[in-house]
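Heads up: the structure comes next, in structure tokens.
The values are calculated or read from the model by the stated rules, or taken from the named source; none is laboratory data. Keep in mind that what you see is a predicted model, and the values were worked out from it rather than measured. All Cβ positions, glycine included, derive from the backbone under ideal geometry; neighbour counts span all protein chains shown.
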Amino acid sequence: MFKLIKARVKFIILTMLGFYIMACSSQEYTTAKLAIQQSEWSKAEEWLPKAMAVEPDNPEIPIVYAIEVHARNGHWQEMYDMFQKALTIDANKKVEIRAVFLPVSDQVNNYTQYYWAEEFNKGVEKFKEIQEDPDNRKIYLGEAIEYFISASIINPNDPQTYTTLSKCYLDLDDKDNAMKFIKTAVEKDPEGFNSNFSAGQILLRCGMGSEVVIPYYEKAVQIEPSNSNALRELASMYYDLGNKEKSIKVFNDAIQNEEDKIIKADLFFNLGVIHNQMENYEEAEKSFDEAYYLNEDDFEAALGMASAYEGLGDKYFNGSDGFTKDFELAVRWYRKAEKKIKDVKSIDFENEAEYQRQLELIRYKRDIAEQN
């Protein structure tokens, strides 16, 4: 009985408080709030501007106008403008919005995030429909873009929206808009890993050269030094520019920071390819050996090892690049190359004929070395 009475008293106090607050409002704002309570939206839209005119220093009214009129009608720019107006009046003042008392800044942030998430998620759902109905891909992409653009209006400072828009336009082969939006993402979030890394990937797919792409990958690596994906992309860019020494350093950094065995194997393989092209056959052999150790199904790594062994055999056979001519060592390395080619043949059956030709060439070199 006591609890029931207490609850009734509390209700009476809250009701009286509500009337008191309304009594402190202007007639115009009181009329607008009553219209909202009765879901008379056209009337609310009529009286809220009048309320703002007579209470220009009340930041609550623009917020109410933003969510009860503009957001309800999907007028996102107008909603955003009303939020900014409220912040300009007094960002710290506590106001009541839908029975919740919070500072203006918190109210604006909460509703901004709510409507942003709502529109953004609608775009994601449209994007997912492509998997179920790929024939109408362009239609779904267009609809997704509309939602993402709405999200960007609601919260123009969110970089994720611009990154997603960029990817949508890239899927439509609209490279101009793809580049425009990914650059906007970086402008909004210059210290963000995802913005910079995505910029590198998207600009590369848009046909931009290494000199344009590299700064974004460099920034991404600076932000997350242990991210092997960013390190691998950066190393590839350096390699394309002919800066192989720098590429090797970045690959070594990536290897040190990678824990996944398969990814690490790929990194070692890429490192071996660079060493092979630089005729650093001993280092190439070590890299390919590590790759093959981590992933025994990687026949390309085994082929790389065979190539490195053959290269070392050639060095000893010819006595070139600082190597002393030594036919016995040449034979040894040619035999190791043969063994690796045989290993590959046992894995990649479809290309057995090609491997047989490679074997015959290596055996030919070994035979000549054995005769000396």
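Does any residue in segment 329-343 that is touching a residue at least 40 places away in the same chain (Cβ under 8 Å) come within less than 6 Å, Cβ to Cβ, of a residue that is of a type in the set (Ser, Thr, Tyr) and outside any helix (DSSP H, G or I) six or more places away or on a different chain, and which pairs are these?
As it stands, the answer is none, since no pair meets every condition given.
Determine whether segment 231-254 contains at least one residue that is under 14 Å from the mean Cα position of the chain (by Cα), farther than 24 Å from Phe148 by Cβ and surrounded by 20 or more Cβ atoms within 10 Å (Cβ to Cβ).
yes
Residue by residue, here is whether (1) free of Cβ contacts under 8 Å to residues at least 40 places away in the same chain; (2) assigned by TED's automatic domain parsing to the domain that holds Asp314; (3) of a type in the set (Gly, Ala, Ser); (4) in a helix (DSSP H, G or I) holds:
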residue: Tyr239; (1), (2), (3), (4): yes, no, no, yes
residue: Gly242; (1), (2), (3), (4): yes, no, yes, no
residue: Ile255; (1), (2), (3), (4): yes, no, no, yes
residue: Phe269; (1), (2), (3), (4): yes, yes, no, yes
residue: Val273; (1), (2), (3), (4): yes, yes, no, yes
residue: Glu283; (1), (2), (3), (4): yes, yes, no, yes
residue: Ser287; (1), (2), (3), (4): yes, yes, yes, yes
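Being closer than 24 Å to Asp106 by Cα, exposed (fewer than 10 other Cβ atoms within 10 Å of the Cβ) and at pLDDT 95 or above is the requirement here; does Asp57 meet it?
yes
So which residues in segment 289-299 are without any contact (Cβ under 8 Å) to a residue 40 or more places away in the chain and either in contact with a Lys or Arg (Cβ under 9 Å, 6 or more places away or on another chain) or more than 18 Å from Phe251 (Cα to Cα) (or both), if there are any at all?
Start the filter on segment 289-299 by keeping residues that are without any contact (Cβ under 8 Å) to a residue 40 or more places away in the chain, which leaves 289-296, 298.
Matches in segment 289-299: Glu290, Ala291, Tyr292, Leu294, Asn295, Glu296, Asp298.
Of Lys261, Lys249, which residue is of a type outside the set (Asp, Glu) and without any contact (Cβ under 8 Å) to a residue 24 or more places away in the chain?
On the way: Lys261 fails: without any contact (Cβ under 8 Å) to a residue 24 or more places away in the chain.
None of the others qualify; the one that does is Lys249.
Check off (1) surrounded by fewer than 20 Cβ atoms within 10 Å (Cβ to Cβ); (2) out of contact with any Ser or Thr (no Cβ under 9 Å at 6 or more places or on another chain); (3) under 28 Å from Gly322 (Cα atoms) for Ile262 and give me the number that stays unchecked.
Status for Ile262: all satisfied but (3).
Which is under 37 Å from the mean Cα position of the chain (by Cα) and of a type in the set (Gly, Ala, Ser), of Ala308, Ala369?
Ala308
Can you work out which of the residues in segment 131-171 that are more than 17 Å from the chain's Cα centre (by Cα), outside any helix (DSSP H, G or I) and at pLDDT 95 or above is farthest from Ile202 (Cα to Cα)?
The qualifying residue farthest from Ile202 (Cα to Cα) is Asn155.
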